[in-house]
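**Q** To start, I am sharing the structure in question, which I have written as structure tokens.
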Amino acid sequence: MKRRDLWAVGAVLALGLLLLIASRALRPLPGTAPGTPVPLPSSSPSQGALPEAGSYLRIKRGREYFDLVPLTGPGEVTVHSGNGQVNVVGLGKDSVRMLSANCPNQDCVRQGEVNLMNRDTRVLMNFITCLPHQVSLELLTRQEALAIAGVSP
């Protein structure tokens, strides 16, 4: 192997390490933005406690976080991002999927379902993201939701 080849391999490894560090540094911190109501009944915690559920949905639109949504059965949430941007989220017991979005590429819809069984093996792990609308869905366990809400178990 020539010296030039070693420099090329080193540069690629350094770039990969730099991208890994940048992705970790730019990840949103839990609980950094105040919650706002989700258009679902009883979505916000009452009297400082989370509604009883095995898992929760956390929705982020731009830099704004919505209140945690308990996943107790079938349902839908519609997220309006302004300028006519609409995402429809399908809820199941311990699962989330993007049902529809009026964005041009539909990548968020093709990301499929996130549930408690597959969230650690998916490419995006427990997230579904619509980049054109700046909407992210995050599936949380009860323990993660309690930590974000600042409620002791």
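The values are calculated or read from the model by the stated rules, or taken from the named source; none is laboratory data. The structure displayed is predicted, hence computed values, not measured ones. Calculation scope for accessible area: heavy atoms of the full protein, side chains included, ligands and nucleic acids excluded. Shrake-Rupley method; radii C 1.70, N 1.55, O 1.52, S 1.80 Å.
**Q** Please list, ordered by chain and number, the residues whose modelled amide H lies under 5 Å from the amide H of residue 99; skip anything fewer than 5 residues away on the same chain.
**A** Close amide H contacts, sequence-distant or interchain: 88, 89, 90.
**Q** Sort 4, 110, 58, 122 by accessible area with a 1.4 Å probe, largest first.
**A** On the way: 4 195, 110 160, 58 15, 122 40 Å².
The residues order as 4, 110, 122, 58, largest area first.
**Q** Size of the stretch 110-153 along its principal axes in angstrom, Cα-based, largest extent first?
**A** Here the Cα extents, ordered largest to smallest, are 36, 25, 12 Å.
**Q** Report, to two decimal places, the Cα Rg of the stretch 68-117 normalised by 2.2 N^0.38 Å (N = number of residues). Walk me through the intermediate numbers first.
**A** Numbers: Rg = 11.4 Å, N = 50, 2.2 N^0.38 = 9.7 Å.
For the stretch 68-117, the normalised Cα radius of gyration comes out at 1.17.
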